[in-house]
Amino acid sequence: MSRPTAAIIDLQALRHNYGLAESLAPNSQTIPMVKANAYGHGAIEVATALASMAPAFGVACIEEAIALRDANISQPILLLEGTFTADEVTQAEHHNLWLMVENQPQLDAILAADLSHQIKVWLGVDTGMHRLGFQPEDLAAAYSALKASRNVHDEIVVTSHFACADDLNNSATSQQIATFDNSLPRDSDPAMPMTSLANSAAILAWPEAQRDWQRPGYMLYGNSPFAEPQANADQLQPVMSFESAVISVREIPAGDSVGYGANWTAQRQSHIATVAVGYGDGYPRHAPNGTPVLVNGVKCPLVGRVSMDMITVDVTDLVNNRAKIGDRAILWGPALPVNEVAAACNTIGYELLTRMPDRVPRIYR
Ligand SMILES: *Cc1c(COP(=O)(O)O)cnc(C)c1O
């Protein structure tokens, strides 16, 4: 009755992964990152599924936060890049959002705003990634200015972001931690300020990065941020299964080519299965010949160019289980990690998940 292409989302796996993040740092609060439509999984459904466990959520911009408010998510929501324009400060107050403060204009907008409640602020320091945040030597002044403002809640979180935590042998992470600790403003109350460092990779592999708050994103969706096996990451359960079905099968002689541009030519008599998924569904157009696709549970090579709505797969080797119309094809999921497909396509799983368009129905289980 309908096109077989869908992303099946396993909310039990999502909760398992959140529980793993919590258990790795029992003294930290764990804020799920649900930016970019929860890395393609559906921000409203993901936030709703975690609402009884999560103290707050993280998104990239106020539009993403308001979409969650409209869906009755009531936790505080952290805007990871803070405000883009000064008028967002009063909107943030109205919607109970927390603001990252990463630069002087953002800070000035908070000080100048006419607020009736104090707003919670996370103050970013640049410990080496050189993308956002105050320079370490400017942090104390920024902190004092926020502390002195009647617009700002007393509990300020000082935070930074890692550039290389997914590289288990890179000393940059330890250096960033040391820079962070040295830059912290001295406060009369030794419990202040609160701090936050860890993303998924740090939660899984850098226990020395544990602070008051941690910010898992990719790991919640059940995939490893590392290129090699890692004991904690190996416990993650993939949340998305991206599925479709075979809609045509044919036999072609050796020497015939398949697809646009005829960029793959059969070296032997071959069985070719056409699957109803393409770049219009977020399957990467630049996936090369040989990219793995599961047909009837067996890894088969993609052959020929990816079309908008279809791909072609060499199923010749399925001798005992001939592919036929209606058979299931899995593009990525628990039995075929999105990282493996991404590696074949010279990108990362983050991108493949995040850019999946609305055209692909998400089915929640
Ligand atoms: C997206 C993001 C995270 C989560 O990163 P993952 O690698 O997906 O865990 C953490 N912190 C900030 C500031 C982010 O923008």
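The values are calculated or read from the model by the stated rules, or taken from the named source; none is laboratory data. None of the values given here were measured: they were computed from a predicted structure. Ideal geometry is used to build each Cβ from the backbone, glycine not excepted, and the neighbour counts take in all protein chains shown.
For segment 189-203, the criterion of being over 22 Å from HIS16 (Cα atoms), among the charged types (D, E, K, R) and either within 12 Å of the ligand (Cβ to nearest atom) or surrounded by fewer than 24 Cβ atoms within 10 Å (Cβ to Cβ) (or both) is satisfied by at least one residue. Scanning segment 32-46 for residues that are without any contact (Cβ under 8 Å) to a residue 40 or more places away in the chain and away from the ligand (no atom under 15 Å from the Cβ) yields one hit, ILE44. Residues considered: SER74, SER28. Of these, the only one that is of a type in the set (Ser, Thr, Tyr) and under 24 Å from PRO207 (Cα atoms) is SER28. Listed by first and then second residue, the pairs with beta-carbon distance under 7 Å, at least 6 apart or on different chains, first residue in segment 58-84 and in the same structural domain as ARG215 (by TED's automatic domain parsing) and farther than 11 Å from LEU97 by Cβ, second part of a loop (DSSP other than H, G, I, E, B) and more than 15 Å from the ligand (Cβ to nearest atom), are ILE73/ALA51. Would you confirm whether or not segment 205-219 contains a residue that is near the ligand (Cβ under 9 Å from one of its atoms), touching a residue at least 40 places away in the same chain (Cβ under 8 Å), surrounded by fewer than 24 Cβ atoms within 10 Å (Cβ to Cβ) and in a strand (DSSP E or B)? Within segment 205-219, one or more residues are near the ligand (Cβ under 9 Å from one of its atoms), touching a residue at least 40 places away in the same chain (Cβ under 8 Å), surrounded by fewer than 24 Cβ atoms within 10 Å (Cβ to Cβ) and in a strand (DSSP E or B). Taking the numbered list (1) under 28 Å from ILE44 (Cβ atoms); (2) buried (at least 17 other Cβ atoms within 10 Å of the Cβ) in turn, THR90 passes all entries but (2). Taken together, SER248, SER244, SER171, SER224 contain a single residue that is in contact (Cβ under 8 Å) with a residue 40 or more places away in the chain, surrounded by fewer than 17 Cβ atoms within 10 Å (Cβ to Cβ) and out of contact with any Asp or Glu (no Cβ under 7 Å at 6 or more places or on another chain), which is SER248. All conditions but one from (1) within 15 Å of the ligand (Cβ to nearest atom); (2) closer than 23 Å to TYR143 by Cα; (3) touching a Phe, Trp or Tyr at 6+ places or on another chain (Cβ under 6 Å) apply to LEU50; the one that does not is (2).
Conditions (1) in the same structural domain as TRP98 (by TED's automatic domain parsing); (2) crowded, with 23+ Cβ neighbours inside 10 Å; (3) β-branched (Val, Ile, Thr); (4) within 16 Å of the ligand (Cβ to nearest atom), marked per residue:
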residue: LEU111; (1), (2), (3), (4): yes, no, no, no
residue: HIS117; (1), (2), (3), (4): yes, no, no, no
residue: LEU123; (1), (2), (3), (4): yes, yes, no, yes
residue: ASP126; (1), (2), (3), (4): yes, no, no, yes
residue: GLN135; (1), (2), (3), (4): yes, no, no, no
residue: ALA142; (1), (2), (3), (4): yes, yes, no, no
residue: ALA148; (1), (2), (3), (4): yes, no, no, no
residue: ASN151; (1), (2), (3), (4): yes, no, no, no
residue: ASP154; (1), (2), (3), (4): yes, no, no, no
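Within segment 295-309, the set of residues being outside any strand (DSSP E or B) and crowded, with 21+ Cβ neighbours inside 10 Å comprises VAL303, GLY304, ARG305, VAL306. For segment 251-294, a residue qualifies if it is part of a strand (DSSP E or B), surrounded by fewer than 18 Cβ atoms within 10 Å (Cβ to Cβ) and touching a residue at least 24 places away in the same chain (Cβ under 8 Å), and exactly one does: SER257. Being outside any helix (DSSP H, G or I), at pLDDT 95 or above and either assigned by TED's automatic domain parsing to the domain that holds HIS130 or within 16 Å of the ligand (Cβ to nearest atom) (or both), is that true of even one residue in segment 172-182? Within segment 172-182, not a single residue is outside any helix (DSSP H, G or I), at pLDDT 95 or above and either assigned by TED's automatic domain parsing to the domain that holds HIS130 or within 16 Å of the ligand (Cβ to nearest atom) (or both).
Rundown of residues vs (1) closer than 30 Å to ASP167 by Cα; (2) polar (S, T, N, Q), yes/no style:
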{"position": "GLY282", "(1), (2)": "yes, no"}
{"position": "THR291", "(1), (2)": "yes, yes"}
{"position": "LEU318", "(1), (2)": "no, no"}
{"position": "PRO361", "(1), (2)": "no, no"}
